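The values are calculated or read from the model by the stated rules, or taken from the named source; none is laboratory data. Keep in mind it's a predicted model, so treat the numbers as computed, not measured. Here the Cβ is made from the backbone with ideal geometry for all residues, glycine too, and neighbour counts use every protein chain on show. When the accessible area is computed, the model is the full protein with side chains, heavy atoms only, and any ligands, DNA or RNA have been set aside. Shrake-Rupley method; radii C 1.70, N 1.55, O 1.52, S 1.80 Å.
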Amino acid sequence: MFEAVEELIGEHADLERKLADPAVHADQNAARRLGRRYAELTPVVTAYRAWKSLGDDIETARELAAEDPDFAGEVKELTARREALTDELRLLLVPRDPSDGKDVILEIKAGEGGDESALFAGDLLRMYLRYAERVGWRTEIIDGNESDLGGYKDVSVAVKHRGVPEGGQGVWARLKYEGGVHRVQRVPATESQGRIHTSAAGVLVLPEAEDVEVEIGPNDLRIDVYRSSGPGGQSVNTTDSAVRITHLPTGIVVSCQNEKSQLQNKEQALRILRARLLAAAREEADREASDARRSQVRTVDRSERVRTYNFPENRISDHRVGYKAYNLDHVLDGDLDAVIQACVDADAAAKLAAAQ
């Protein structure tokens, strides 16, 4: 384990030298990549230096305890601290998700349940926007297709970290656990007899791709323009500003109509397309490396839910890790930390177990 740490310390020092060179910052994309890697390695270097320092302190305390028994208690305390730090180092050295420092594009799509599902999709959007506000992230709604009752049939939002993520833990490191089918149980606004209905919405979280990560040839795209429309089919634009992009090699289709100009809609659609292509490429690599199933559910099927939001009981349940709490109102207001942390802890425990 500690041989690996020495290599990382060398890489950390090399990155520090590179980032101190003004010429490196002429290429902002390259500088960001170096900065993210430096931030990822800093906790490892800090923990290792503290671990070594504690080792020296323990040796000193043992020498003193040989002459004065009162120091025996200090040896025990320092040893316990070092053991805890050893566990922390092991976790830091577990192979990490290469996308953890990235920003994300989060897509929410109404599923079974008609208008109620679209309203729930709107509730999920508000929950994520409020959570981002709580933790200091920036959000930007890229595209959205509103329903007649005020919810969303589908919506895409970019979520960005402000500055370089501390410890390399960006937006993806937290929101990647949100992907899948979210189920709601409540009395819909459209229900006249007070019966509880179940509906679902799908959440897809994609790490946002940089231009250098996904190469898109101009001949790979078919770009169609059309007039954007709002709820009820009413025209909301008098020009053909909406854009639909089809990636011919994969058949992936992305559309965007939120912006007023065709150029802006094209740029937003390309952002979503790059993220989807990056995710598809990584899924293909995962399939070649192992038979593990995808971590995010692509079909909005209520039977394959990852989380349930039960309004009558004010209960939130995450079915993957067995998390349950009765503060649904707070969660929907953006208090998501405990729910996400349960997934983070379960993931860390599984990785540690696999590494041993």
Open item on the list: Anything in the range 142-179 that is open to solvent by less than 40 Å² (accessible area, probe 1.4 Å), of a type in the set (Gly, Ala, Ser) and over 19 Å from Glu107 (Cβ atoms)? List them, or say none.
Closed with: Gly167, Gly168
Task: Selection within the range 157-212 - of a type in the set (D, E, K, R) and closer than 14 Å to Leu119 by Cα - done: Arg183, Arg186, Glu191
Task: Among residues of the range 180-209, those that are in a loop (DSSP other than H, G, I, E, B) and open to solvent by 20 Å² or more (accessible area, probe 1.4 Å), counted - done: 10
Task: Positions within the range 320-336 being without any contact (Cβ under 8 Å) to a residue 60 or more places away in the chain and open to solvent by less than 70 Å² (accessible area, probe 1.4 Å), in sequence order - done: Val321, Gly322, Tyr323, Ala325, Asn327, Leu328
Task: In the range 114-141, the residues that are open to solvent by less than 20 Å² (accessible area, probe 1.4 Å) and aliphatic (A, V, I, L, M) - done: Ala118, Ala121, Leu124, Leu125, Met127, Ala132
- [ ] Run Val212 past the list (1) under 30 Å from Gln28 (Cβ atoms); (2) surrounded by 12 or more Cβ atoms within 10 Å (Cβ to Cβ); (3) at pLDDT below 90 and report the number of the one that doesn't hold.
- [x] (2)
TODO: With respect to Thr60, determine if the residue is within 26 Å of Gly167 (Cα to Cα), of a type in the set (Ser, Thr, Tyr) and part of a helix (DSSP H, G or I).
DONE: no
Task: Failed criterion for Asp27 (all others in (1) closer than 23 Å to Gly170 by Cα; (2) surrounded by 13 or more Cβ atoms within 10 Å (Cβ to Cβ); (3) charged (D, E, K, R) hold) - done: (2)
Open item on the list: Let me spell it out: the conditions are (1) modelled with pLDDT under 95; (2) part of a strand (DSSP E or B); (3) open to solvent by 10 Å² or more (accessible area, probe 1.4 Å); (4) of a type in the set (Val, Ile, Thr), and Ile105 meets all of them except one. Which number is the exception?
Closed with: (3)
- [ ] Being within 25 Å of Gly163 (Cβ to Cβ) and aromatic (Phe, Trp, Tyr) is the filter here, so list the residues in the range 93-133 that pass it.
- [x] Tyr128, Tyr131
Open item on the list: Take Pro95 and tell me if it is open to solvent by 70 Å² or more (accessible area, probe 1.4 Å), under 17 Å from Arg174 (Cα atoms) and at pLDDT below 90.
Closed with: yes
Task: Answer from Ala39, Ala61, Ala72, Ala65 - the residue that is in contact (Cβ under 8 Å) with a residue 24 or more places away in the chain and surrounded by 12 or more Cβ atoms within 10 Å (Cβ to Cβ) - done: Ala39
